[in-house]
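The values are calculated or read from the model by the stated rules, or taken from the named source; none is laboratory data. Keep in mind the model is a prediction, meaning the values are calculated, not measured. Heads up, the Cβs are rebuilt from the backbone with ideal geometry, glycines too, and the neighbour counts pull from every protein chain shown. Calculation scope for accessible area: heavy atoms of the full protein, side chains included, ligands and nucleic acids excluded. Shrake-Rupley method; radii C 1.70, N 1.55, O 1.52, S 1.80 Å.
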Amino acid sequence: MRKSVVIDCLPESVRRYRAGFAIVAVDVIRATTTAITAAASGRRCFPVPTIEAALALAFKFKNPVLAGESSGTMPAGFEMDNSPAQLIGRTDTHRPLVLVSSSGTKVIHEAAACEATYLGCFRNHSILAAYLSERHPRVAIIGAGSKGEFREEDQICCAWIAAGLMNKGYLPENARTTSIVTRWRDAPPTACLCSHSVDFLERTGRLCDLEFILEHIDDLAAVFPVQDGEVKMIPEAQAFSRSCRAVRRVSGRGSRMLSDE
């Protein structure tokens, strides 16, 4: 069967890929980084598309953490921002996280009707590409975008994942995918510093999140699917057969690559 990968952006693009595609939602700054960090710490995490949905879901849990932002501002009554740096410092991992964001959680919500949904960020791009290649012949990698822009950090992450799939025989579905992969596949994480998302973090005193993101590159050997609205974690030991679990460090951006023993 012909295997293919396509890169797209913005929540409204997801509906194009509901038939036959696995979706990878990417919002490096910051929703998928926050959600993955939550699940990796053992915390239950539920991304939702709107503030109203977050408040409604929170009523179903005992003492949840309401987290997120809307148009860059933490909503009234929420406990914390959409912040991986804030989250990693918390010890109350028994409390479920209900997470909302301007774009990233909307992509995740739109993907619920698709064949399968996974989260991607700088923390898990290599293992994600390897995992998808064993299970899904068609993959759509969707950057969340912001204010109609396909932000650089999301283009980089999408390109890394797509390049990993193309190395395993996947073909790009269109010229745009080829162009994004060609431009960004070998880019260092710091290539995102020109992004308007970085400008926002600097302008609003949230540079701790940028530091967290740039200090956590491919450090998680786990896959994060979204099932029934909850972010799950599949550790490497469960994701692959023993013969596929040899992991080596590659020079450059510090990425992990999977190779046979």
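List of remarks:
- Among 126-138, 110-122, the order from most to least packed when residues are scored by Cβ within 10 Å on average: 110-122, 126-138
- With the gyration tensor restricted to C-alpha atoms of the stretch 109-205, the semi-axes of the equivalent ellipsoid amount to 24, 16, 12 Å, longest first.
- Note: relative contact order over the chain, using C-alpha pairs below 8 Å and six or more positions apart, is 28 percent.
- A cut-off of 5 Å between modelled amide H atoms, ignoring neighbours fewer than 5 places along the same chain, links Thr117 with Ile23, Val226.
- Residue-normalised convex hull volume from the C-alpha trace of the chain: 120 Å³ per residue.
- Inter-site label distance for Asn167 and His196 at 7 Å from Cα along Cβ, in nm: 3.2 nm
- 3J(HN,Hα) along the stretch 89-97: x, 8, 10, 8, 5, 6, 8, x, 9 Hz, from the Karplus curve 6.51 cos²θ - 1.76 cosθ + 1.60 with θ = phi - 60°, whole Hz, x for Gly and Pro.
- Computed lengthening from Lys62 to Leu207, 0.36 nm per intervening residue step minus Cα-Cα distance: 49.0 nm
- Among the listed pairs Lys62/Lys106; Lys3/Lys147; Lys168/Lys232; Lys147/Lys168, a Cα-Cα separation exceeding 29 Å is found for Lys3/Lys147; Lys147/Lys168.
- Label point at Ala116 placed 7 Å out along Cα→Cβ; residues across the stretch 1-45 whose backbone nitrogen lies under 12 Å: 21-24
- Student exercise, the chain dipole from Lys, Arg, Asp, Glu Cβ charges, in Debye to nearest 20: 660 debye
- Sparse packing (at most 16 other Cβ atoms within 10 Å of the Cβ) combined with a DSSP loop state is found for the following trypsin sites (Lys or Arg not before Pro) in the stretch 14-99: Arg18, Lys60, Lys62, Arg90.
- Looking at the stretch 140-186, the accessible area is 40 square angstrom per residue; that uses a 1.4 Å probe and ignores ligands, DNA and RNA.
- Share of carbon and sulfur in the accessible heavy-atom surface of the chain [1.4 Å probe, %]: 50 percent
- Across the stretch 70-78, rounded Karplus estimates of 3J(HN,Hα) from the backbone phi angles (6.51 cos²θ - 1.76 cosθ + 1.60, θ = phi - 60°) give 9, 6, x, 10, 5, x, 4, x, 7 Hz, Gly and Pro being marked x.
- Loop-resident sites, the stretch 47-117, for chymotrypsin sites (Phe, Trp or Tyr not before Pro), counting at most 13 other Cβ within 10 Å (DSSP): Phe59
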